Ligand code: GDP
Ligand code: IMO
Ligand code: MG
């Protein structure tokens, strides 16, 4: 493997965790570079299900190094809980296989409270956030008043550093009629967490660059998806980080010149969780997938909104990310259908458009124009080689590749690690 960025091409939950886990075998280091515990990456291996929020999905491979990079926002309490849960599932986590960037910003309990209070204030216009404090943490970072992992080092000043920030945010919380944060309790919790996390803290920019210089292969694990990107997504119904390929470089301190490949991950259909425009949304597909017990969020348990594959979004995301290849997951979700559809373009105010428009109002006025393909009506979950794919499934994939403008190199036909086929 070379240095490879894995990005979501839709609205998150494309199956990035599963693809990262699969590709970790041929990598040396797995790094997260943006997002925080809003992410929920599911990996199923050896019959066990693991859900990763902050810990990279390479952690199930004991001899690989996992890095939480500078661009990630880290909830120290959530991270400790996640580590404890993974350990209880038999996963080994030590400072030898998990490093945390000293430059990363911290999500504190007041960020979570602010996230909920701001969502409440937005009322019907709420974003539908995961409630994990992501927006307020990145806002503090950009406002240059964030607390960073490096601040956990100096326990003599930590209490004072937390106090003024918590008091500042308490003013907003009280103004919003929300409960104020118990500053002393936060100081105690974070001080205890600081001691536990300390051995994992490092300058991960140096670690990553030295690994690359030594010829090691790094896998950058994207979180969220291209249409949740703060710049390129369906703003304001987005997350607060750059989820597209460029975010992997700024969020890790690795130069774009060191990146060899970008693999985009997309479901064979489209899903979205949270509010915002969704041109291809389709109630029948949502009902069908929910009826199969599929498409419930890994972080919040919310039912995901579902629709046909949107090739307008796919093509644009392939362009923005510079994808060489696509991994299509969940093809098996469409196994039982007589016919399947792909949205090839939109119609907006009587005109054909081939790129997603910039405003929510325009997105909401877009009509999806779809083409219909015959279904393959065969259980794909037991297939072990791409050559066994029914011709109708192959034709569906070929058409996706043609519309997206990138080849399909990996295919998911079930949630388990070994239900991943190499097509190319
Ligand atoms: P991520 O956030 O991109 O890592 O994706 P999630 O883990 O949140 O959501 C993807 C869901 O699809 C999870 O429940 C996975 O176990 C599941 N999954 C991934 N790939 C496949 C696949 O090819 N087939 C099936 N049936 N499930 C898959
Ligand atoms: P993974 O990495 C799907 C969505 C939320 C909401 C919006 C903003 O598992 O693909 P936030 O809490 O980030 O401020 O919420 O973004 N969202 C995700 N949707 N998968 C995710 O991550 C998501 N992370 C955030 O539902 O619409
Ligand atoms: Mg997810």
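The values are calculated or read from the model by the stated rules, or taken from the named source; none is laboratory data. Since the model is a prediction, treat every value here as computed from it, not as a measurement. So basically every Cβ, Gly included, is an ideal-geometry build from the backbone, and we count neighbours across all protein chains shown.
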Meets criteria (touching a strand residue (DSSP E or B) at 6+ places or on another chain (Cβ under 8 Å) and either over 22 Å from residue 185 (Cβ atoms) or buried (at least 23 other Cβ atoms within 10 Å of the Cβ) (or both)) for residue 125: no
Selection within the stretch 41-88 - farther than 30 Å from residue 255 by Cβ and touching a strand residue (DSSP E or B) at 6+ places or on another chain (Cβ under 6 Å): 42, 44, 50, 51
Residue count, the stretch 119-139 (criterion: more than 18 Å from residue 54 (Cβ to Cβ) and assigned to a helix (DSSP H, G or I)): 8
Residue among 123, 135 that alone is closer than 22 Å to residue 79 by Cα and either within 22 Å of the chain's Cα centre (by Cα) or not assigned by TED's automatic domain parsing to the domain that holds residue 36 (or both): 135
